[in-house]
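Quick notes on the structure that follows.
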Amino acid sequence: MDTLTLQSPAQLSAHLKSLRKTRGLTQAQLARRLGIRQSRLADIENHPETVSSAQLLDLLAVLGVEVLLRPKPVS
């Protein structure tokens, strides 16, 4: 899998959906693994600004990805 850049909630929304689909999971399956309702997962995917940092990290862990913070080059 390629490295994904994240700079906006819209990108996070697209990345979460893409990662879930790449793993072959439905929203219901992923929600079960996280111990949340499918409707909550849909909210997170469609409105990622509503997710807590802890829940986002749990979600990313279940999807098998990690967060890497790196300074942007100064122009």
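The values are calculated or read from the model by the stated rules, or taken from the named source; none is laboratory data. What you see is a predicted model; the values in this text were computed from it and never measured. FYI the Cβ positions are ideal-geometry reconstructions off the backbone, even for glycines, and counts take in every protein chain you see. These area figures cover heavy atoms from the full protein model, side chains too; ligands, DNA and RNA do not enter into them. Shrake-Rupley method; radii C 1.70, N 1.55, O 1.52, S 1.80 Å.
Evaluating 6.51 cos²θ - 1.76 cosθ + 1.60 at θ = phi - 60° for every residue in the stretch 44-55, the Karplus couplings come out as 5, 5, 8, 9, x, 5, 8, 8, 6, 4, 5, 5 Hz, glycine and proline recorded as x. Computed from backbone phi, the HN-Hα couplings of the stretch 7-12 come to 9, 7, x, 4, 5, 4 Hz, rounded to whole numbers (Karplus: 6.51 cos²θ - 1.76 cosθ + 1.60, θ = phi - 60°; Gly and Pro given as x). For the chain, with all protein chains present and a 1.4 Å probe, just round the carbon and sulfur fraction of the accessible area to a whole percent. The computed percentage sits at 53.
Of the trypsin sites (Lys or Arg not before Pro) found in the chain, the ones in coil according to DSSP and having at most 14 other Cβ atoms within 10 Å of their Cβ are R23, R37.
Taking all protein chains into account, the per residue accessible area for the chain stands at 72 Å² (1.4 Å probe). Given R0 = 25 Å, the distance between the Cβ atoms of I36 and D2 translates into a calculated FRET efficiency of 0.35.
Each Cα pair of the chain feeds into the Kirkwood radius, which the Stokes-Einstein equation turns, at 20 °C and 1.002 mPa s, into a diffusion coefficient of 166 µm²/s.
When only C-alpha pairs under 8 Å and at least 6 residues apart count, what is the relative contact order of the chain, in percent?
About 29 percent, as a whole number.
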